[in-house]
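Read through the structure below, which is laid out as C-alpha cells, and then see the notes.
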Amino acid sequence: MPTPWHEILKTVPSPIPHFNYRFIPLNEQIVEWPTEWGCPSHADPVPGGMSGRITVNWTAVTPILVGARPKDKEVVVVGRPKPQSVKLVRPQLISVGGKNYYVLPGRTIRGMIRSVFRIITHSALGSVDGHVRPARRDLEYRTSYAQHRGLKLRRNTQAHPGWLQYDGSRWKIAPCTRLRIKQDDDLDFDEDCDTLVRRHTALRGKWKKDRLAIDDDSTVTCGSASNDGYLVVTGEMSRKQCESVFTQPEEDASFFLDDTDFKWKDFFAANCRNLQKTAIPEGNFDHWIMEYAACSANRNKILQSVNLLPDHLRDFEPREDGPPGIPVYYFVRNGGHTPADVVMVGMTQVMRLPFKHTIGKVAGKTQPGWNDQPRPLDWTEAVFGYVPGVDDAGEEEDEEEQQEDEDEEDHGLKGRVFFGFARCEAGNLWPPEPNRYITIAQGEPRPGYYPTYLRKGDPISPTPADYDRGNGRLAGRKRYPLTDRNGEAKQKLLMHMSIDLDGQPVPEEEAGKKLASARNLLKFVDEGAVLTGEIRFHNLHPEELGALLWALSFGDPRAFAGNGKETPYRHSAGRLKSLWFGQLRPEIKVERIEVNPSQDAPTCSITDASAIGDMISGLLDCFRNKLAVQIAAALGVGEDAGEAAFEATTRLLQRMADPNHGRGDAQLCVPDFVTDPPYPGYRVLRQLVDQETRNPKRKNGTINQDNVRFNEAVRSLCDTMIKEDIGHLFEMDDLWRREEP
C-alpha cells in the first residue's frame, strides 16, 4: 500500500508551495441598487438622507508600504566592473507646516474599503481583464492545445526552427537549421547576465571557441561563410546547458501566416502584454522585434503591425547588418510545411500557448450579466461611483454595438463618498537600519493558473475546469486571510532577503542574486504607526451609510471609538500582503451626521458622541435587513434564506479579516482539489527528478545530499500522485523552483 501523500509532504526537506490567498465565492445574482430610491443624486436632497464626516485612525499592526515613485540608485558590487542600477521604494512622504508625514493615499483607502463593500452588497464583479486569454507553458499541454482546436499532434513531434519575417504586408516563416552551443564551456555568462538583453550585450566581442566566433552583431560563424548564423538566447541562465544558433533562412521554403488564423492570434496573445484595446510585445518577442525592425527597411510597418510606434526604436540605432527576422519555433503535423500544416508557433521550444477562452467569457458564465451594457446600478456603483470602460468581456464589438454605446452617452457617475489622505508623523521605518532594504522579488496575480482561480461549473463532473473546455467558473473574489505569522516572515526576510546599502561597495557574497532577482528594494513604515484620515459622505440613504460603516468595521461595534475595546478585524493594503504585511486595524469615529428634512422630521445636525453611538447600531441593522430582502428577491427565495446568504458571505469575510480564525476557516472556500483529475505537469517533474538524481554533483565535485533527499521525496510524492490522482495540486514550476520566503 503506497504511503499517503500528506505523509510524504512531511518528509520533503524543501518546502512545498503554499497558497496564501483564498476566495470568497462570487454571487451569481447581482443585487441591484433599490429602484424605489430613484437615481443617485448630489443636487437633490434625499428625504432623510445623511451627510457627514468620519475620522479613522488606522493602526499599522504589521509594517506597511504604499510606496511613492521608485528612485534609481547605482550600487557598486565588489568584483563587478559596472555599478548595478536598483530602484528604492520608500513610504510616500509629504511636508505640511514644516513637518514630514508618511501618508496612506485616499485612493488606496478607497480601493481597500470598496473591495469589502462590493462583497457584502453582492455587487457585480469589479474590474477584470476580461480581454485576456491566459497562457501556460507545459511540455504535455501542446497535444491538448491542438485537440481543442480540432487538430492532431503526436506527442513525440519535434519543434522546427525558423525566422518570422515581414514582407511589407504579411508575416511569413522561413525555415532554418538550429545548432547548439554549450553554455558552461563556451559562453561563460556572468551573474549579471540575468536577462536576454544583458546576455547578448555580454557576448558581443567577448567569446571565441575553435572555429566559432561572435562579432559585434552577435553573428556566429560555423566553419564557413555559407553557414552564418545568429545566437538565440532564451530562458533562464541557471537552468540551461546549451544555447541555440539559427542559420540563415531558407527563403525558398518560406510560407505565409494569415492574420486571421488562430495560430498567429495565439502566438501574438501569448507573447504580448494584453491591454484593453490592443496588445504590446513583451519579453523575448519585444527584444527580437526591435532588433529586427532596427535593421529592416520596413521598420515602421513592422512596428505598426504589432501595435508599436516608431518612438519605440529610440534605443536602437538603425543599421544594415542584423538578424533576418525573429527566431521562432513551430510545430507541424504530418511533416508538412504549409500554413495548413502548422499547429502552433512560439518563441521557445517549450512555448507559451494561450487557452481558448478569455477570462471575460468565464466571468460571464460565473456571474451572468456582469458586463451587460446598460446594466442596472448595483450598490457599489451607486455609492462609490464608476467610470464607463471598454468591453471588459474581451469580445470584439461590431459597428452597430459601438454606435449603440455612443447613443447611450453613459458618462459615468460621481461617487458620494470621499476619502482623504491618512497621515502620521515621519518616524520609525522597517528594516530599522537606515540603509537596509528588503530585496524580495514581488509577483503578480496569475489568473491563468486554473487549479486555484477556477472551480468546476458542475461539482460532480469528473472533467477538470480550465479555460479550454469552457466548463470553468471563477473561484470567487481573491482575499489574503490574515494571520499573526508576520513576525516569522520579518525574521526570514531580514536574514535571507535584505541588503545593506551603506555607501560602501557591497560584498559579492552578500549581494549574490539578491539585486538581480529583486525588481525593487523596499522600506516600510514600522508597525505601531497610527495614520489618521478623514472620510466624507454626502446625501446617502441610511442603508447606504450602514453599508459604509459595515465595510469599515466589518460589522463589529468594537471598531468604533469610545467603547474602550479593540476590534480583532483588520484591513490590508500595500505591498507584500501575501506575507501578512500591511495589516491595518481601524478605530472609527463618526464626527458629525447631518440629516436631510423628511415628512417625519426636519433638518438636524448630530454631533453628540452618545447620540451618534446609538445611531450606529441602528444603521448597521437597517443595512442588514434591507440587503437580506434584496438578496431574497434576486434569488427568488424567502427573506430567511436571503438573510442566511448575507450571513454566510459576511461571516467568511470576517474570518479572513480575523487573525484568530482566518487561515483555518477560510479553507472552506478553497476549490476541492482532491476530486479533480491530476495536473499533467507532475509527470514531467518526475522525469526531471530522475535526471537530476542520476547526476547529483555540484560543479566543485561534492554531492549535494539535501538535493538527493529532496529528489527521493519528490519522486515518491509523484508516484503517489499518479496513483491517487491529485498531481495537479501543485504546479510543476512552483514545486521545482520556488523557495520559502
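FYI, it's all coordinate maths here, none of it is from the lab. The shown structure was predicted, so the numbers you read here are calculated from the model rather than taken from an experiment. Neighbour counts are summed over all protein chains in view; Cβ atoms, including those assigned to glycine, are modelled from backbone coordinates with ideal geometry.
Rounded to the nearest Hz, the phi-derived 3J(HN,Hα) couplings of the range 598-609 under the Karplus curve 6.51 cos²θ - 1.76 cosθ + 1.60 (θ = phi - 60°) are 9, 5, 9, 8, x, 5, 8, 10, 10, 10, 5, 5, where x marks glycine and proline. If you take all other residues with their beta carbon under 13 Å from the beta carbon of E639, and give Lys and Arg +1 and Asp and Glu -1, the sum is -1.
Would you mind ranking R149, R570 by Cβ crowding within 10 Å, fewest neighbours first?
On the way: R149 15, R570 23.
By the 10 Å Cβ count, ascending: R149, R570.
Determine the shape class of the range 438-541: with a ≥ b ≥ c the square roots of the Cα gyration tensor eigenvalues, call it rounded for a/c under 1.5, and otherwise prolate if a/b is greater than b/c, oblate otherwise. It comes out oblate by the Cα gyration axes.
Pairs K365/K626; K87/K263; K71/K492; K490/K565: which exceed 30 Å Cα-Cα?
Pairs exceeding 30 Å: K87/K263.
Just check the range 588-651 against the gyration tensor rule for me: Cα atoms, a ≥ b ≥ c as the square roots of the eigenvalues, rounded for a/c under 1.5, and otherwise prolate or oblate depending on whether a/b exceeds b/c. Taking the square roots of the gyration eigenvalues as a ≥ b ≥ c, the range 588-651 is oblate. Label positions at S578 and S169, each projected 7 Å from the Cα along the C-beta direction, are separated by 4.8 nm.
For a Förster distance of 22 Å, can you work out the FRET efficiency between the beta-carbons of N435 and S85, rounded to the nearest 0.05? Using R0 = 22 Å, I get an efficiency of 0.85. Backbone phi angles across the range 161-178, fed through the Karplus curve with coefficients 6.51, -1.76 and 1.60 (θ = phi - 60°), yield HN-Hα couplings of x, x, 10, 7, 10, 10, 9, x, 9, 9, 8, 9, 10, 10, x, 8, 10, 10 Hz in residue order; Gly and Pro are listed as x. Cβ-to-Cβ counts within 10 Å put C604, C295, C242 in ascending order as C604, C242, C295, the fewest first. Listed cross-link partners K99/K589; K356/K456; K99/K577 are compared with a 20 Å cut-off, the Cα-Cα value being larger for K99/K589; K99/K577.
What is the distance in Å between the Cα centres of the range 41-88 and the range 432-489? If we compute the Cα centre of each part, the gap is 23 Å.
How would I280, I438, I499 line up from fewest to most surrounding beta-carbon atoms within 10 angstrom?
I280, I499, I438
Backbone phi angles across the range 249-258, fed through the Karplus curve with coefficients 6.51, -1.76 and 1.60 (θ = phi - 60°), yield HN-Hα couplings of x, 8, 4, 5, 9, 6, 9, 8, 10, 7 Hz in residue order; Gly and Pro are listed as x.
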